[in-house]
Amino acid sequence: MAGTTTTNTATGNTNPTANLPPLLDLTIDNITPNTIRINSQASDARLKYLMARLVTHLHDFARETRLSSDEWMAALQFLISCGKICSDVRNEFILLSDVLGLSLLVDNINHPTLPGGTEGSVLGPFHTHDAPVLPNGSSMTSDPEGEPMLALCTVKDLKGNALPGVTIDIWETDSSGHYDVQHADRDAPSERCIMKSDDEGRFWFKGIKPVSYPIPHDGPVGKLLERLNRHPWRPAHVHFKFEKDGWDPLVTALYLKGDPYESSDAVFGVKKSLVVELGKVDKATAEAYGVKEGSWLLKHDFVLSTQKETEELRDRLAVQELEKLGLNMKLVDHLPVPELD
């Protein structure tokens with residue numbers, strides 16, 4: 001009988017069917033609450049909440065769209081296709097998350113920007129963990145066809161103080177618009193490196209002027225974009241990832257002003273504050289940094305917030321949004337779970 005717990009005295013195992021709803025005669029109307037109820041046996045309050053909302057929205061989507069069996073099967077085959085094309089250097093699911101705007105949304109929720117801070121952008125599917133650690137001033141490119149670019153950057157806190165010892169992961173495409181991992185003959189990382197900010201919060205490197213490029217569109221995500229009459233192009237940019245103990249990690253990118261895809265990025269990564277205009281290296285700068293006069297020059301000051309500052313803002317925004325939705329929730333480890341009276 002539902003609601004009764006029975007235990008096998010020989011093994012001590014609790015009857016797995018006890019306390020379950022009777023899953024009989026399920027209909028369009030009662031399948032959702034019954035699914036949520038049977039999932040609610042989880043002891044993790046956050047997991048129970050996530051599953052309840054996921055089931056609610058998935059079921060409402062099917063009801064609202066009157067989802068056909070053919071469409072449902074096509075969606076499953078699409079996901080299967082995404083899985084089949086994934087590899088160590090290509091993740092089609094990250095790409096799917098990017099083109100649906102979900103990657104940017106999740107990042108904005110988890111890493112809100114405080115006034116004066118540098119805004120985040122999408123990580124993208126081509127970040128790796130094998131970039132070489134290089135000293136400031138090094139070249140991170142092996143592309144002879146690229147237009148040389150010197151980058152002079154700083155990392156500071158919200159009060160303008162220099163942040164030394166920040167680990168900065170940097171990567172970009174080559175001049176053909178491909179990341180190193182997209183080349184079958186890749187034998188070493190290129191157009192990527194890891195540096196640390198110096199005592200004055202500075203870091204500088206030699207790269208190449210970034211170029212526009214299409215995201216991989218030979219797979220299921222590309223076919224989806226084609227069906228939606230969307231282009232696969234990203235504006236020219238350089239990726240940056242900042243990490244330091246006690247500070248909120250920042251994943252961002254700088255985008256070139258005037259790029260033809262500046263306002264229609266396929267993965268929604270561009271923000272006005274991240275659009276920059278390149279300059280040219282003058283004679284004094286060329287002599288100081290060992291580059292050719294007239295090379296492209298990227299200058300930018302990045303601003304980080306502490307982990308505490310970001311978490312406090314994230315919590316405030318979460319409470320505000322939950323109240324707008326009329327949800328009775330509490331925050332546990334900065335994540336909402338139902339508030340039980």
Where the eigenvalues come from the Cα gyration tensor of the chain, what are the semi-axes √(5λ) of the equivalent ellipsoid, largest first, in whole Å?
46, 25, 19
Could you pull out every residue, at least 5 positions away or on a different chain, whose amide H is within less than 5 Å of the one on Val238? Hs are placed 1.01 Å off N in the peptide plane, and Pro or chain starts have none.
Leu254
How large is log10 of I(q)/I(0) for region 135-200 at q = 0.14, 0.16, 0.26 Å⁻¹ when the intensity is taken from the Debye formula with one equal scatterer per alpha-carbon?
-0.51, -0.63, -1.16
With θ set to phi - 60° and the Karplus curve 6.51 cos²θ - 1.76 cosθ + 1.60, what are the ³J(HN,Hα) couplings of region 250-260 in order, to the nearest whole Hz, using x for Gly and Pro?
10, 10, 8, 7, 10, 10, 7, 5, x, 5, x
Heavy-atom accessible area per residue, the chain, 1.4 Å probe: how many Å²?
57
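Taking the Cα centre of region 97-305 as origin and charging only Cβ (+1 Lys, Arg; -1 Asp, Glu), how large is the dipole, in debye to the nearest 20?
480
Can you figure out the FRET efficiency of Arg63 with Glu277, using R₀ = 41 Å and their beta-carbon distance, to the nearest 0.05?
Here the calculated transfer efficiency is 0.25.
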How charged is the neighbourhood of Gly146? Take every other residue with its Cβ under 14 Å from the Cβ of Gly146, and add Lys/Arg as +1 and Asp/Glu as -1.
-3
Between Ser138 and Asn110, the FRET efficiency computed from the C-beta separation at R0 = 35 Å comes out, to the nearest 0.05, as 0.65
Within the chain, the percent of DSSP beta bridges that are antiparallel, given to the nearest 5, stands at 75
Carbon-plus-sulfur fraction of the accessible area of the chain, 1.4 Å probe, in percent?
55
Using the Kyte-Doolittle scale, find the helices of the chain whose mean hydropathy is at least 0.5 and whose Cα atoms extend 15 Å or more along the helix's long axis, counting only whole DSSP H runs.
69-85
For the ranges 223-234, 196-207, what's the packing order if you count other beta-carbon atoms within 10 Å of each residue, average per peptide, and put the highest first?
196-207, 223-234
Computed from the beta carbon distance with a Förster radius of 51 Å, FRET efficiency for Ala74 and Asp333 to the nearest 0.05 stands at 0.85
By average C-beta atoms within 10 angstrom, highest first, the peptides 69-80, 306-317, 282-293:
306-317, 282-293, 69-80
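The values are calculated or read from the model by the stated rules, or taken from the named source; none is laboratory data. Keep in mind the model is a prediction, meaning the values are calculated, not measured. Methodologically, a virtual Cβ is constructed for each residue, glycine included, from the backbone with ideal geometry; neighbour enumeration extends over all protein chains shown. Each accessible area value is taken on the protein alone, full model and side chains, heavy atoms only, with ligands, DNA and RNA left out. Shrake-Rupley method; radii C 1.70, N 1.55, O 1.52, S 1.80 Å.
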